[in-house]
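Read the structure below first, then the notes.
Only the coordinates and a few stated rules stand behind these numbers; no lab work does. The structure displayed is predicted, hence computed values, not measured ones. Neighbour counts are summed over all protein chains in view; Cβ atoms, including those assigned to glycine, are modelled from backbone coordinates with ideal geometry.
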């Protein structure tokens, strides 16, 4: 069983240690995030959570009864249109392959749709990341399109899939 707790400055060194290259950081956080992750970048993520209403909320996932985080994920909000974007999802390197992504993403879905006014949850995923795509589809997300060659990672260009889940779909699946 996993639980979520707010991401805090004390988590910065641990989260930064999960990434060993620019490509890994881009896969996690997009092409605008630099390697190595700097405290100033993580401070900026947390500051977005202090706005009213928050523009972003960040969590660490922990196994129930354990302090050491095994995952990280974020929700960014578009309050005008009632959308949330799931992003910056990562499982700690030592915890990968243990089936933690699906329950962590399920908790994030609950967070998104437990937020009044949010009717749509969306995400971007690189099309080579088939384990993530399978996880998202198993939780009800639909692939809505692909932006070909949309992200630069060093000399490579990656296709970005856009996936979405509506509150009504989430409620129907839970019923």
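Summarising the label geometry, the points placed 7 Å from Cα in the beta-carbon direction at residue 156 and residue 124 lie 1.6 nm from one another.
Taking every DSSP helix (H) stretch of at least 4 residues in the chain, weighting each as -39,500 (n - 2.57) and dividing the sum by the residue count yields a mean residue ellipticity at 222 nm of -8500 deg cm²/dmol. Hey, of (i) 178; (ii) 106; (iii) 121, which did the structure itself give for volume of the Cα convex hull per residue in Å³ when calculated? Given (i) 178; (ii) 106; (iii) 121, the structure-derived one carries the label (iii). Between region 12-70 and region 157-174, the alpha-carbon centres lie 22 Å apart.
For residue 134 and residue 50, the difference between the fully extended length at 0.36 nm per residue and the C-alpha to C-alpha distance is 26.9 nm.
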